[in-house]
Amino acid sequence: MVNTTLGIDIGGSAVKGALVNTDTGELASERIRKVTREPLKPKEIVGLIATIQKELKYTGPIGAGFPGIIRHGIVCSSANLHKNWVGEDLPALIRAKTGQQASAINDADAAGLAEMRFGIQEAHNYHVVLFLTIGTGIGSAIFLDGKLLPNTEFGHIEIRGKDAEYRASAAIKRIEKLSWKAWGERFTEVLKKYEFLCSPDLIILGGGVSARFDAFSKYLKVDTKVVPAKLQNLAGIIGAAMAAKESL
Ligand code: BGC
């Protein structure tokens, strides 16, 4: 019998979910995507999670990745979602709405876990790995000998008076209509700061832009080896399911 868990990726513009085979990292169902046109409040997002669960006719543990700090299930920051999230117990809300067991971790931590396990195999040859996911914000996950240090928030490190993610996220590239060259130069500045702060041996770039790595990699002028993630946009869903499987 296939070992499947529902993984949910809560993002700034959509809530996505799919059943995940946590032994292989493959999806065991279609991926369902519910677009959100404004920063939704907790009740509304949890409603979408329950809709995804119902559409997939699923019962069992649910793992959610959230774009903010999550400490023992409690949301401690919410940069790009509704401020009402702060202080909420996300697993408890999901449990109350769906009747299923639930767990929650930071979205970049989830994506990083999936990438380390099912994505770039060579990542395990490195001592310190910095995984970044570039989308509405910049998410980070640091691995020391394959073990995650949760809740690093490198997207909020200040560069030229602004949070890194307000200078060089994928959303900013789109909003400011930056060329790959202009964005690559800004992102180089961000990576240089990260290099200085944690001396990674390898940097993995995930999120939507990782699919366009060939277009911008020549503009990244850093000393550390930088590689694109393999799982791309599915990593968040896969990692959230893995975390649920491990913690529940
Ligand atoms: C949040 C992080 C999150 C990242 C990517 C940032 O704004 O603070 O927690 O991982 O966006 O979604």
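Some values worked out for this structure:
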quantity	calculated
Net length gained if the chain between Ser199 and Val128 were fully extended (0.36 nm per residue, minus Cα distance)	24.8 nm
Computed magnitude of the charge dipole of the stretch 122-229 (debye, nearest 20; Cβ of K, R +1, Cβ of D, E -1)	480
Cα gyration tensor, the stretch 1-145 - rounded (a/c under 1.5), prolate or oblate	oblate
Distance cut-off 23 Å, percentage of C-alpha pairs in the chain lying past it	46
Cys76, Cys198, reordered so the largest accessible area comes first (probe 1.4 Å)	Cys76, Cys198
Given charges at Cβ of Lys, Arg, Asp, Glu: the chain dipole, positive-most of Ile62, Ser247, Val46	Val46
Radius 13 Å from Cβ of Ala123, net charge of other residues (Lys, Arg +1; Asp, Glu -1)	0
Antiparallel DSSP beta bridges within the stretch 1-121, percent to nearest 5	65
Leading residue at positive end of dipole, the stretch 122-229 (Cβ point charges), from Gly207, Leu197, Ile175	Ile175
Size of electric dipole in the chain: Cβ of Lys, Arg +1 and of Asp, Glu -1, about Cα centre, debye, nearest 20	720
Solvent-accessible surface (1.4 angstrom probe) belonging to Tyr166, in square angstrom, nearest 10	90
Hits among aspartates and glutamates - C-alpha to C-alpha of Lys54 under 18 Å, sequence gap 8 or more where chains match	Asp9, Glu30, Glu44
Proximal lysines relative to Lys221, as straight alpha-carbon distance under 23 Å, when same-chain residues fewer than 8 apart are discounted	Lys162, Lys173, Lys177, Lys181, Lys192, Lys193, Lys230
Sequence of Phe216, Phe154, Phe196 when ordered by accessible area, the most exposed leading, probe 1.4 angstrom	Phe196, Phe154, Phe216
Overall Cα dimensions of the stretch 3-51, principal axis frame, Å, largest first	34, 16, 13
Given the chain, longest segment not containing exposed loop GluC sites (Glu not before Pro) (DSSP; at most 14 other Cβ within 10 Å)	31-175
Probe 1.4 Å, all protein chains present, accessible-area order of Asp107, Asp223, largest first	Asp223, Asp107
Inter-site label distance for Arg212 and Lys192 at 7 Å from Cα along Cβ, in nm	2.3
Gyration tensor over alpha-carbon atoms, the stretch 116-167, equivalent ellipsoid semi-axes in Å	24, 11, 9
The stretch 49-148: trypsin sites (Lys or Arg not before Pro) in DSSP coil with no more than 12 other Cβ atoms inside 10 Å	Lys57
Three-way shape call for the stretch 72-164 based on the alpha-carbon gyration tensor, with the a/c threshold at 1.5	oblate
Nearest-10 value in Å² for the accessible area of Ser199, using the 1.4 Å probe	80
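The values are calculated or read from the model by the stated rules, or taken from the named source; none is laboratory data. Just so you know, these numbers come straight off a predicted model, no measurement behind them. All Cβ positions, even for glycine, are placed from backbone atoms using ideal geometry, and neighbour counts span all protein chains on display. What goes into the accessible areas is simple: the full protein's heavy atoms, side chains included, and nothing from ligands, DNA or RNA. Shrake-Rupley method; radii C 1.70, N 1.55, O 1.52, S 1.80 Å.
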